[in-house]
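S.K.: One structure, pasted below without further comment.
The values are calculated or read from the model by the stated rules, or taken from the named source; none is laboratory data. The model shown is predicted, which means the values in this text are computed figures rather than measured ones. Cβ coordinates were reconstructed from backbone atoms using ideal geometry, including for glycine residues, and neighbour counts include every protein chain displayed.
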């Protein structure tokens, strides 16, 4: 695969940039994420997480299943602020 | 292997210390148990301001640190998304909060900083999205924002280029002392011994655990902060902003009686990042080492964001996140050597000020380590002040 291929489309991160992050010490999806912003866009890594796991596995000679995925956080799908915090009557 | 200094903890503080030590030609080993910016720096916003700092020595450090920020990007050779002088605001909902902020600002101004109290109409000329029914605003025209993860990595890369040896995913299990009690090095979890006459603990929220290895009882505790990040939107705000409760929770927690506020310490802190997303915090909670989000906090943060910026109602949250900040009993970091263990130094316990104070912490501690004294007295930050 070409190094110019976009892996994370939300943040426009290429395979080359992912490789650079791995060579900088990233061994997990979160490690790549912190160094490149991959997985930080609107879709939160729904497509690129698996691809990044694959690239790390390839580079480190490990099985893809051994590569730690990113930490799952709410709300999983985009949710309007008014839904999360709009209807409260009591003051916080 | 023999080094001049071994740094235990490769977060934003450890990487800054490593960078400034390498500028002084020290042979440095940086050990990180997990990965860089996996602790506080990867779980916070990027407010780099002085109007959120406790009046006195902490404020003096912030002023000096902001000075360093001005040239940092150029010095480190990579972007850290630093925006100088975007300005900072604290938003008062009523006269009580206004009076409290005015009192804090009077003391903050003693450090020679430009902090003003302005009316909500004046504030809305600067930030038109502010809710019009607010009482007034504390405004600091100076002060900026930064991307904390990028800053950590930039310090790390520059340190490496200057010869710092870095090992991540390698934790320290022991701090070795000689018969006289002086530091001689560390043992890592793979059983290796690394020799150095000086060791720095910069392990953030985990510093007390590392301190125990040297026989120290450090009053640093993990305090959880939760945040939200939104989808990217067009230009929404320029300043960084906090609600008045932010400084009150930080400096005068004893004045808060409402148990709901005390429970999770929810106060607003918000700014827009370079890519258009809004970072919205936050909380100050006791949750041990738990780094998960709670629905209670997420709702409270969203609720407060809408109170001060009603136009956010249709903006989507794409992720909640949370992290630990290293709390100390007097809200001041521990920076400098300790008389109890010669050769051992601390750079930890910055809680919510670690991003703003990272550069000055690295600079002053490197001076103390290399020259035996720093250009600004670290006495108020002495790790020995609690005993």
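S.K.: Name the one entry in A:71, A:33 that is facing another protein chain (nearest Cβ under 10 Å), in contact (Cβ under 8 Å) with a residue 12 or more places away in the chain, within 30 Å of residue B:303 (Cβ to Cβ) and in a helix (DSSP H, G or I). Before the answer, list the steps.
M.R.: Values: A:71 fails: in a helix (DSSP H, G or I).
Just one listed residue meets the conditions, A:33.
S.K.: Given the condition more than 9 Å from every other protein chain (Cβ to nearest Cβ), crowded, with 24+ Cβ neighbours inside 10 Å and either within 23 Å of residue B:264 (Cα to Cα) or in contact with a strand residue (DSSP E or B) (Cβ under 6 Å, 6 or more places away or on another chain) (or both), answer yes or no: does some residue in the range B:296-315 qualify?
M.R.: Yes, the range B:296-315 contains at least one residue that is more than 9 Å from every other protein chain (Cβ to nearest Cβ), crowded, with 24+ Cβ neighbours inside 10 Å and either within 23 Å of residue B:264 (Cα to Cα) or in contact with a strand residue (DSSP E or B) (Cβ under 6 Å, 6 or more places away or on another chain) (or both).
S.K.: I'd like to check something: does the range B:350-365 contain any residue that is crowded, with 19+ Cβ neighbours inside 10 Å, at pLDDT 95 or above and either in a loop (DSSP other than H, G, I, E, B) or within 14 Å of chain A (Cβ to nearest Cβ) (or both)?
M.R.: Yes, the range B:350-365 contains a residue that is crowded, with 19+ Cβ neighbours inside 10 Å, at pLDDT 95 or above and either in a loop (DSSP other than H, G, I, E, B) or within 14 Å of chain A (Cβ to nearest Cβ) (or both).
S.K.: Please work out if residue A:46 is in a loop (DSSP other than H, G, I, E, B), more than 10 Å from chain B (Cβ to nearest Cβ), more than 24 Å from residue B:294 (Cα to Cα) and without any contact (Cβ under 8 Å) to a residue 12 or more places away in the chain.
M.R.: Working: in a loop (DSSP other than H, G, I, E, B): yes; more than 10 Å from chain B (Cβ to nearest Cβ): yes; more than 24 Å from residue B:294 (Cα to Cα): no; without any contact (Cβ under 8 Å) to a residue 12 or more places away in the chain: yes.
No: the conditions fail for residue A:46.
S.K.: Name the single residue that is modelled with the lowest pLDDT among those in the range B:16-45 being in contact with a strand residue (DSSP E or B) (Cβ under 7 Å, 6 or more places away or on another chain) and in a helix (DSSP H, G or I).
M.R.: If we take residues in the range B:16-45 being in contact with a strand residue (DSSP E or B) (Cβ under 7 Å, 6 or more places away or on another chain) and in a helix (DSSP H, G or I), then B:42 is modelled with the lowest pLDDT.
S.K.: Looking at the range B:155-249, what strands (runs of 3 or more DSSP E) fall wholly within it and have at least 3 residues that are under 19 Å from the mean Cα position of the chain (by Cα), surrounded by 19 or more Cβ atoms within 10 Å (Cβ to Cβ) and in contact (Cβ under 8 Å) with a residue 60 or more places away in the chain? Before you say what the answer is, go through the steps one by one.
M.R.: Details: elements: B:165-168, B:172-177, B:183-188, B:193-195, B:198-201, B:221-230, B:240-243.
The qualifying strands (runs of 3 or more DSSP E) are B:221-230, B:240-243.
S.K.: Here is a list of conditions, (1) closer than 20 Å to residue B:327 by Cα; (2) free of Cβ contacts under 8 Å to residues at least 60 places away in the same chain; (3) within 11 Å of another protein chain (Cβ to nearest Cβ); (4) surrounded by fewer than 24 Cβ atoms within 10 Å (Cβ to Cβ), and residue B:291 meets all of them except one; can you say which number that is?
M.R.: (2)
S.K.: Could you list all residues from the range B:102-114 that are closer than 22 Å to residue B:66 by Cα and assigned to a helix (DSSP H, G or I)? Lay out the reasoning, then the answer.
M.R.: As a first pass, look at the range B:102-114 and keep what is closer than 22 Å to residue B:66 by Cα: B:104-114.
Those that are closer than 22 Å to residue B:66 by Cα and assigned to a helix (DSSP H, G or I): B:104, B:105, B:106, B:107, B:108, B:109, B:110, B:111.
S.K.: Same structure again: Just one of (1) buried (at least 17 other Cβ atoms within 10 Å of the Cβ); (2) part of a loop (DSSP other than H, G, I, E, B); (3) more than 13 Å from the chain's Cα centre (by Cα) trips up residue A:77, so point out which.
M.R.: (1)
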